[in-house]
1. Return yes when VAL473 is within 13 Å of the ligand (Cβ to nearest atom), under 23 Å from TRP43 (Cβ atoms), touching an Asp or Glu at 6+ places or on another chain (Cβ under 8 Å) and of a type outside the set (S, T, N, Q) and no when it is not.
2. State which residue is surrounded by the fewest Cβ atoms within 10 Å (Cβ to Cβ) when the search covers only region 561-606 and only residues that are charged (D, E, K, R) and under 12 Å from SER536 (Cβ atoms).
3. (1) within 18 Å of the chain's Cα centre (by Cα); (2) within 13 Å of the ligand (Cβ to nearest atom): which one isn't true of ARG482, the others all being true?
4. Within the set of pairs 6 or more residues apart or between chains, which connect a residue that is within 18 Å of ASP264 (Cα to Cα) inside region 281-309 to a residue that is among the basic types (Lys, Arg) and assigned to a strand (DSSP E or B) with Cβ atoms less than 6 Å apart?
5. Only one of (1) in a loop (DSSP other than H, G, I, E, B); (2) surrounded by fewer than 20 Cβ atoms within 10 Å (Cβ to Cβ); (3) of a type outside the set (Ser, Thr, Tyr); (4) away from the ligand (no atom under 15 Å from the Cβ) is not met by ASP489, so which one is it?
6. Give the residue that is farthest from GLY445 (Cα to Cα), with candidates limited to residues of region 498-531 that are near the ligand (Cβ under 9 Å from one of its atoms) and in contact with a Lys or Arg (Cβ under 7 Å, 6 or more places away or on another chain).
7. Across region 14-29, what is the total count of residues that are under 30 Å from the mean Cα position of the chain (by Cα) and assigned to a helix (DSSP H, G or I)?
8. Could you pull out the residue among VAL560, VAL552 that is in contact with a Ser or Thr (Cβ under 8 Å, 6 or more places away or on another chain) and more than 12 Å from the ligand (Cβ to nearest atom)?
Amino acid sequence: MSDGDGELEARLVEQEEFEPSDEFVEQANVSDPDIYEEFEENWPQCWERAADMLDWYDDYDTVLDDSDGPFYEWFQGGTLNASYNCVDRHVEEGNGDRTAINWEGEHGETRTYTYEDLQREVNEFAAALRDLGVEEDDVVTLYMPMVPELPIAMLACARIGAPHSVVFAGFSADALATRMNSADSRFLVTCDGYYRRGDALDHMEKANEGLGGVDHGVDATVVVDRLGEDGFGHDLKGNQHDWDELTDEHEGEEVDPVERDAEDMLFLMYTSGTTGEPKGVKHTTAGYLAYTSWTSHSVLDLKPEDTYWCSADIGWITGHSYIVYGPLALGTTTVMYEGTPDFPERDRLWEMVEEYSVDVFYTAPTAIRAFMKWGSQFPDDHDLSSLRLLGTVGEPINPRAWKWYYQHIGDEECPIVDTWWQTETGGMMVTTLPGVGTMKPGSAGPPLPGIDARIVDTEGEEVEPGRAGYLTVNKPWPGMLRTLYDNDDRFVSEYWQEYSNPDADEWVYFPEDGAKIDEDGYITILGRVDDVLNVSGHRLGTMEIESAIVGVEGVAEAAVVGGDHEVKGEAVYAYVILEDGYEESEEMRERITEGVEDAIGPIARPEQVVFTPELPKTRSGKIMRRLLEEIANEEELGDTTTLRNPEIVKDIQTKVGGN
Ligand code: WT7
């Protein structure tokens, strides 16, 4: 680009606030600023607005039942089906020939499913699942990469009232087994493999190994043949079925959507917490679907005629809520891409935005930082003028990355929504409404209408603007998790212990994020305050990684912390003490890395493994993690006077610096 580009940058660097264009506001689904007041004055009845976006068999009687907090219930008495809402009703309304899913494989092959196609596929697979013995309320595990059969399987499960539990395909065999065991899941849908940077990956081997670790009987496995001739030649065993053969047997069959109670489970999603054991977050049918529909409408500004692309993987909550359920409930066209953004070239995403005329694009700050690093020539080479709105999710976005996204992807015409939320919240919670609010790069924005989020100190008192505190949510919302699977006690202790007052029946949700608020009520998220890392927008528990490392032969003790990383945001730093008789070596380092990959997956791979004879510990024997973080970041060290073994610090510092 010309020199003028540089001048533009300089102007943007100074600018702290941005307004949506009149053109955007005029067409926005929500543009009246009174919406905040309307929701507040009419709470919780305001949420009928979200429920009204769905088709119900029986109407609900009450909006919110708060008689047994924090076990809230929403839209009680109502019955509905999520697959009907995401598929059939659009066909019945005459929109069957509109595209539901535009899928692209890494090699460029494409598949287009209209809503009518989707309806047929979902019905056939629902019939197949029934035939395999899946009954209402059975948990079906989906261990699948980004193939169209994944959303089809999710919707087929929803159709017959079988909750799905999607396990991210990048997770290891162990992780699959842990999740199937935890949910007592007897059915698995998986895939032979997929393509990554041009190579075929063997997924079936991991799936089989995972199945070997399941403690109970597995009734059936269905395998999608993605690789064809590039496959690895795994034979299907006794209760393993080929997806295509199975659906051929059920060609043209129709399965009536099951009437589910509002509070019936729609799905489980496992996520990392402070302990080694992943948490099975339970989401229900009505509240979740109403909430993701409402936020897709109000925040993503989706219209049925839009083509919308969220570049996340469906294996995470972002993909569940904003590739599958929200956009399809609204009858939008959703784009799915199998591969990575840099294959075959670093302009792959922009090429696709141009090709599909994407209107709304939603991605993670880690991706934006990578795009920045690669340079603006890649987006500049493409016509991105179809874009109307941009979004980010998963981690804080620094103002520089925000402005780069604004300038080079949005051409200074698209508002950006920086959306804070979590697996547990089901949908977006803190962000500007793009047709209403001023944007402030670096700050997510105010809580959405109807969401009572506050920044408090350790006593639960609201802090002054500008001061760091803890984010809390002081009222329930429809998309909230209902419990942790089979573990109500842990649900209460994980999220509702810190700031609630059970005697007064006051329940405050604590998401474990630090944050601050400004004079205008805009919230800036400062990051997790528990032992959870955010690596490339993915949540990893330090305990999970530590227990994987300690499981490696020869390792005595390990401490894992997050260090700053230019692209990933945070990276895994592992400090390891070896047992006597084992020596630090490249081989040992590799075994540790493999141990982590086997237990969790490549995303948890340590950036650095630092061998040390001791870990810095306080006199009471607690590992001083703060210090290990400072060392990882090569920062000036804080107070070390409470250490029992201060002499070790220099030693470790030299190793990290010298690496
Ligand atoms: C954690 C939740 C929500 C889908 C992706 C992650 C961090 C999320 C933002 C944001 C700053 C953010 C928080 C949160 N986070 N969005 N816009 N700004 N931080 O879901 O795996 O459940 O992780 O991601 O720390 O607690 P998740």
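1. Working: within 13 Å of the ligand (Cβ to nearest atom): yes; under 23 Å from TRP43 (Cβ atoms): yes; touching an Asp or Glu at 6+ places or on another chain (Cβ under 8 Å): yes; of a type outside the set (S, T, N, Q): yes.
Considered against the rule, which asks whether it is within 13 Å of the ligand (Cβ to nearest atom), under 23 Å from TRP43 (Cβ atoms), touching an Asp or Glu at 6+ places or on another chain (Cβ under 8 Å) and of a type outside the set (S, T, N, Q), VAL473 comes out as yes.
2. Top of the filtered list is GLU566.
3. All conditions are met except number (2).
4. Close Cβ pairs satisfying both conditions: THR285/ARG260.
5. Here ASP489 clears every test but (1).
6. Among those that are near the ligand (Cβ under 9 Å from one of its atoms) and in contact with a Lys or Arg (Cβ under 7 Å, 6 or more places away or on another chain), it is GLU512.
7. 3
8. Details: VAL552 fails: in contact with a Ser or Thr (Cβ under 8 Å, 6 or more places away or on another chain).
Testing whether each residue is in contact with a Ser or Thr (Cβ under 8 Å, 6 or more places away or on another chain) and more than 12 Å from the ligand (Cβ to nearest atom) leaves just VAL560.
The values are calculated or read from the model by the stated rules, or taken from the named source; none is laboratory data. A quick note: this is a predicted structure, and the numbers were derived from the prediction, not measured. Heads up, the Cβs are rebuilt from the backbone with ideal geometry, glycines too, and the neighbour counts pull from every protein chain shown.
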